[in-house]
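Heads up, the thing below is written out as structure tokens.
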Amino acid sequence: MAENRTRAGHVLVWEQADMATDEGIRPAKRFGSRHYVVFMLFLGMANAYVMRTNMSVAIVAMVNQTAIEKESELLDDECPDTDYGEDTGSDPADDGEFVWSTSMQGYILSSFFYGYVITQIPFGLLAKRYGAMRFLGWGMLINSVFAFVVPVAARNGGAGWLIAVRFIQGLGEGPIVPCTHAMLAKWIPPNERSRVGSIVYSGAQFGTVISMPLSGLLADHGFDGGWPSIFYVFGIIGTVWSVAFLWTCHEDPVTHPSIREDEKKYIQQSLWGNASVHIPPIPWTSIAKSLPFYAILLAHLGQNYGYETLMTELPTYMKQVLRFSIKTNGVLSALPYLAMWLFSIVVGWVADWMLTSGRVNHTWTRKISNSIGQYGPAIALIVASYTGCSRALTVAILTIGVGLNGGIYAGFKINHLDLTPRYAGVLMAFTNCSANLAGLLAPIAAGNIIEGKPTIAQWRIVFVIAACVYIFTATFYNIFASGQRQFWDNPENDEPQKSSIEAPAYAPSTAAGQTSNGTTASDTLTHRTVNEQQS
């Protein structure tokens, strides 16, 4: 068996930091099956965010604004009025067909997210036990098919039926994040995770950039009255993607019937323990005691709170205080998302270069990337609260702040896979569910602080609180985060199962970043010669 444990006079020692860097096992073909899976997951994430945000555009065209008694809007008079960036008024003939109050519109818009949040943890647990691919594909198919029902429900059943349909769509989208994470854990080698994770999750920004202007165009010029075409068009796109995903993608490299052998070996050797052993029950007690897990959890909580402040409250500040509505300008409203999309991809590639070059280990790569992604927006929020009445500067700060936020994808967002490749989907389900609930606190806190007095001073409190949340959670992450596979996800403690696939050959004396005598392996050493091992 010695020949199976050695390659070029070396014994592979299980160490996550650099175990996938050996050029000798890299597949010759550059575009492989794993890249196709990444491409489909990117499109799936984009489709998910299209379905999530299209209602916010459609509802403007659905509601008869002239038939609703407009609420008195409090505006601050510290800044002069402007003759740009505001709505010029609409022709009553172009108004929508529904008379829904502002509060009812809020219920409609939020109904999707209630369904989305409550299915995070159940689907994370189910994906771990039964596989992620089918839950993801069928969930998004349900989401897409029910998009066709939205116009029928609104016209025939009113707001109540529309809320029910959107709630079901949210239920269907629940698997998107935990199941995507679970599939990445099975398909992507450790030293490709930063850029791959950034690419996949940047689909959220890509989908938003596409959805907002296209939804507006369909609302004005689409068929069946305009706004219904938004749901028909995106429903078709989502259905096609779901069927293609279920038909062409596979749970892991082992079950893929046509993957190249060199690519399969490359992935299996990099992800030792994922396919060749029986996965035991989830180690709940160890997870509950894991500080690196809590580091990710807090970072995720802080991210959603700060991001909601950046993306929902800063535009309100610009409307109430600066007298400038960024939402009325399609180009400006898409700039922050575009900046975040592009920057996240750049950070992902740089992070993987740092790893493969051997200059920085996984732990510090995650901390550096996350610091950019969370300290950057924190500084932007503080600066934005002191920009006074400068509209152009505030827009620039918003764009830069949200753009830098893209660093989180190579930071805490992909860190679940470092700690535990086999339970990454479960961990993501818990952190993403908690983070979405925390994100709901941002508008509540801001509303209570500025109620009745939307001044620059009061808004500064809103921004500083969000910045402090960013700073505290990012600092906690920097202290306690880890990029190493945890001891409670040690494949050598599992019972082997019969398989026709030859298990990747690694030195049995080392697992989860630890040597046989319990000491921690170095981040920079992944190969040792036979003589070195014996000595």
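Quick one: which residue in Ile414, Ile379, Ile408, Ile400 is in a helix (DSSP H, G or I) and farther than 19 Å from Ser198 by Cα?
On inspection, the qualifying residue turns out to be Ile379.
Quick check on Ile345: is it surrounded by fewer than 24 Cβ atoms within 10 Å (Cβ to Cβ), in a helix (DSSP H, G or I) and in contact with a helix residue (DSSP H, G or I) (Cβ under 6 Å, 6 or more places away or on another chain)?
Considered against the rule, which asks whether it is surrounded by fewer than 24 Cβ atoms within 10 Å (Cβ to Cβ), in a helix (DSSP H, G or I) and in contact with a helix residue (DSSP H, G or I) (Cβ under 6 Å, 6 or more places away or on another chain), Ile345 comes out as yes.
Can you spot a residue in the stretch 177-191 that is under 22 Å from the mean Cα position of the chain (by Cα), assigned to a helix (DSSP H, G or I) and of a type in the set (Val, Ile, Thr)?
yes
Give the residues of the stretch 287-331 that are of a type in the set (Gly, Ala, Ser), outside any helix (DSSP H, G or I) and modelled with pLDDT under 75, sorted by residue number.
The one that is of a type in the set (Gly, Ala, Ser), outside any helix (DSSP H, G or I) and modelled with pLDDT under 75: Ser325.
Of all residues in the stretch 139-167, which are open to solvent by 10 Å² or more (accessible area, probe 1.4 Å) and within 21 Å of the chain's Cα centre (by Cα)?
Listed by number, the residues that qualify are Leu141, Ile142, Phe167.
Hey, does the stretch 169-191 have a residue that's open to solvent by 50 Å² or more (accessible area, probe 1.4 Å), in contact (Cβ under 8 Å) with a residue 40 or more places away in the chain and in contact with an Asp or Glu (Cβ under 6 Å, 6 or more places away or on another chain)?
Checked the stretch 169-191: at least one residue is open to solvent by 50 Å² or more (accessible area, probe 1.4 Å), in contact (Cβ under 8 Å) with a residue 40 or more places away in the chain and in contact with an Asp or Glu (Cβ under 6 Å, 6 or more places away or on another chain).
With respect to Leu338, is the statement that it is surrounded by fewer than 19 Cβ atoms within 10 Å (Cβ to Cβ), within 21 Å of Gly376 (Cα to Cα), at pLDDT 85 or above and out of contact with any Pro (no Cβ under 9 Å at 6 or more places or on another chain) true?
Answer is yes for this residue.
Inside the stretch 367-425, can you point out the residues that are among the polar types (S, T, N, Q) and over 21 Å from Leu298 (Cβ atoms)?
Taking the stretch 367-425 first, the residues among the polar types (S, T, N, Q) are 369-371, 374, 385, 387, 390, 394, 399, 405, 415, 420.
Listed by number, the residues that qualify are Ser385, Thr387, Ser390, Thr394, Thr399.
Name the single residue that is nearest to Leu342 (Cα to Cα) among those in the stretch 30-67 being part of a helix (DSSP H, G or I) and of a type in the set (Phe, Trp, Tyr).
Top of the filtered list is Phe42.
If you scan the stretch 122-138, which residues turn out to be crowded, with 18+ Cβ neighbours inside 10 Å and not aromatic (Phe, Trp, Tyr)? Let's see the steps before the verdict.
Taking the stretch 122-138 and keeping what is crowded, with 18+ Cβ neighbours inside 10 Å, we get 123-124, 126-128, 131-133, 135-137.
Gly124, Leu126, Ala127, Lys128, Gly131, Ala132, Met133, Leu136, Gly137, listed by residue number.
The values are calculated or read from the model by the stated rules, or taken from the named source; none is laboratory data. The structure presented is a predicted model; accordingly, all values stated were derived computationally and were not measured. Counting neighbours? That spans all protein chains shown, and the Cβs are built from the backbone with ideal geometry, glycine included. Remember, those area values only see protein heavy atoms, side chains included, never the ligands or the DNA or RNA. Shrake-Rupley method; radii C 1.70, N 1.55, O 1.52, S 1.80 Å.
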